[in-house]
Amino acid sequence: MPFPSFPRPRIAALTAAAGLVLSLSACIPASVPADPAPRQSASNGLPSAHIHGLSVNGETGRVLLATHDGLFDVSKNPAVKIGPTNDLMGFTAAMDEGVFYASGHPGKDSSLPNPLGLIKTSDGGKSWEQLSRQNESDFHALTTTKSGIVAFDGTLRTSTDGRTWKTVATGFIPAVLAGSPYSDTVLATTRDGVQRSTDGGATWTLDKSSPVIQFAAFASAKEAVGVAPDGVVHYSADSGATWARKGQVTGEVQAVAATEGADGNPWIWAATSTGLVVSTDGGATFRPSDAD
């Protein structure tokens, strides 16, 4: 799968650069229709054809998919819809159980503003609170760190509380922002390689020796994984400072997540065009997930 094309955004644009695989020109318009029922993808069995985020709880094994049709628990078979039908573009987990942040567009019957700005749930997605930048920001790239939130809506922004924001001047457009609530290291995947911040997104350095990866996720404060546009998996034991090539994911990847493994190898999940797959050997091999 080719790396997404990101035209230079306008600072005042309401529809921003892509967080996963969408470009500015392909972003959902201001009027966002939502299907009355979730669409089942016949090709991969997932509850929606458009997967924008993936979260896995390493302790409970719960796997959540943030999609065009809302949030789904795919630990269940069949998948269980959670909360309202909104197009969740940016999606990230916080440190506390059941707390997530998201962004995107309201569903057909939603009274929420468009775009959603930053919204928060404390009950696992059943209900959402409006925090900030409603009618202003559609954060396609969104992550949490030890010190706050890092998000991209055409401009890179950081926040310690999700309500007030600082603008960060950068010369890159991230496809994905990856962080951990247990660390202030953030990775931004770009066409030129991995941009890395060790201060919660305030300053950035391009690692020219890093692989070009499109998707990234932290399994712990130190362990990170990345997936290249062609599906090749890379692993880092030092928060993205260095990388080692592992195996390969088959199918078009839409989102990834990672958790610590019991044997020292991180577990890696990927939502793909062929279904939900998981690696229990640090990315060397993948198999269909039991949640699929």
### Query
Can you pull out the residues in the range 54-65 that are more than 13 Å from Ile82 (Cβ to Cβ) and in a strand (DSSP E or B)?
Leu54, Val56
### Query
Taking interchain pairs and intrachain pairs at least six residues apart, which have beta carbon atoms under 6 angstrom, with the first residue in the range 59-76 and within 18 Å of Ile119 (Cβ to Cβ) and the second outside any strand (DSSP E or B) and of a type in the set (A, V, I, L, M, F, W, C)?
Leu65/Val74; Phe72/Ala79
## Note on the structure
Of the residues in the range 68-80, those that are touching a Gly at 6+ places or on another chain (Cβ under 8 Å) and either hydroxyl-bearing (Ser, Thr, Tyr) or more than 15 Å from His52 (Cβ to Cβ) (or both) number 1
### Summary
With criteria (1) of a type in the set (Val, Ile, Thr); (2) touching a Leu at 6+ places or on another chain (Cβ under 8 Å); (3) closer than 19 Å to Asn265 by Cα, Val186 comes up short on (3)
### Query
Is it true that Ser132 is under 15 Å from the mean Cα position of the chain (by Cα), surrounded by 16 or more Cβ atoms within 10 Å (Cβ to Cβ) and not acidic (Asp, Glu)?
no
### Query
When you scan the range 244-269, how many residues do you find that are free of Cβ contacts under 8 Å to residues at least 60 places away in the same chain and in a strand (DSSP E or B)?
6
#### Entry: Where a residue in the range 113-124 is in contact (Cβ under 8 Å) with a residue 40 or more places away in the chain and polar (S, T, N, Q) and its partner, wherever it lies, is open to solvent by 10 Å² or more (accessible area, probe 1.4 Å) and part of a loop (DSSP other than H, G, I, E, B), with Cβ under 6 Å and at least six apart
Asn114/Ala30; Asn114/Pro106
### Message
Show the residue pairs meeting these rules: Cβ distance below 6 Å; 6+ apart or different chains; first residue within the range 177-194 and free of Cβ contacts under 8 Å to residues at least 24 places away in the same chain; second residue β-branched (Val, Ile, Thr) and buried (at least 24 other Cβ atoms within 10 Å of the Cβ).
### Response
none
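The values are calculated or read from the model by the stated rules, or taken from the named source; none is laboratory data. Since this is a predicted model, take the numbers as computed values, not measurements. All Cβ positions, glycine included, derive from the backbone under ideal geometry; neighbour counts span all protein chains shown. The area values use the complete protein model at the heavy-atom level, side chains included, leaving out ligands, DNA and RNA. Shrake-Rupley method; radii C 1.70, N 1.55, O 1.52, S 1.80 Å.
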